[in-house]
1. Measure nothing fancy, just the Cα-based angle from helix 103-120's long axis to the longest principal axis of the chain, in degrees from 0 to 90, nearest 10.
2. State the extension gain, in nm to one decimal, for the chain segment bounded by residue 85 and residue 6, taking 0.36 nm per residue of separation less the distance between their alpha-carbons.
3. Which order, highest average first, do 111-120, 54-63, 20-29, 90-99 follow once you tally other Cβ atoms within 10 Å for each residue and take the mean per peptide?
4. How far apart, in nm, are two points set 7 Å out from the Cα along the Cα-to-Cβ line at residue 15 and at residue 63?
5. Can you tell me the 0 to 90 degree angle between the C-alpha axis of helix 63-76 and the longest principal axis of the chain, rounded to 10?
6. Enter the angle in degrees (range 0 to 90, nearest 10) between the Cα long axis of helix 3-14 and the first principal axis of the Cα atoms of the chain, meaning the one along which they spread out most.
7. Could you give the nm distance between label points at residue 49 and residue 105, where each point is 7 Å from its Cα heading toward the beta carbon?
8. Between residue 77 and residue 94, how many nm apart are label points set 7 Å from Cα along the C-beta direction?
C-alpha cells in the first residue's frame, strides 16, 4: 500500500466527513464484527426515485473499518439503491487503495459494506450473515 492511501485512511479515521446519525432516516442498519469489536451503523435518506440523497455512519472500530465506512458513504451519495446493491468486495478494496487484505483486516474493511447492503435489502439483524458470504 502506498503512502498516499495510508494517509487517506488515517485522515478519514481521525476526521471522517460523513460521521453522524440521520434522524429521521429511511433506512438504518447496525452490525458488528465480533472478532475485533468494530461496530458500524449506517443511516440513509432516499428520494422517491430510489436515489440516496443523504447518508451517515456512526460507530467505533479500527482505522480501516472507520475509513471504509466514510469512503463508502461518500461513494454512494447520489446513486440509486439498485447500483448500491451491486457493490462488492473489490469496490471497498479500491476505495481503500488495497489490492488485498489479510483475513482479519478484510472483515474490518467489509463491515460497512455488509451493513449498507443489509440496510438496502431490508434485512433484519439475524439475516445479515448471508451478506458476509457474498461481499
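1. For 103-120 against the chain, the angle is about 10 degrees.
2. Numbers: separation 79, 0.36 × 79 = 28.44 nm, distance 2.75 nm.
Fully extending the segment from residue 85 to residue 6 adds 25.7 nm.
3. Working: 111-120: 25.2, 54-63: 19.2, 20-29: 14.7, 90-99: 16.5.
So the peptides 111-120, 54-63, 20-29, 90-99, ranked by packing, come out 111-120, 54-63, 90-99, 20-29.
4. 1.6
5. That helix lies at roughly 40 degrees to the long axis.
6. On a 0 to 90 degree scale, this one is about 50.
7. That separation, rounded to one decimal, is 4.0 nm.
8. Distance between the two pseudo-spin positions: 2.0 nm.
Taken together, the values in this text are just the output of simple stated rules run on the coordinates, not laboratory data. Predicted model only: the values in this text are computed from it and were never measured. As a convention, Cβ positions derive from the backbone with ideal geometry for all residues, glycine included, and neighbour counts pool all protein chains shown.
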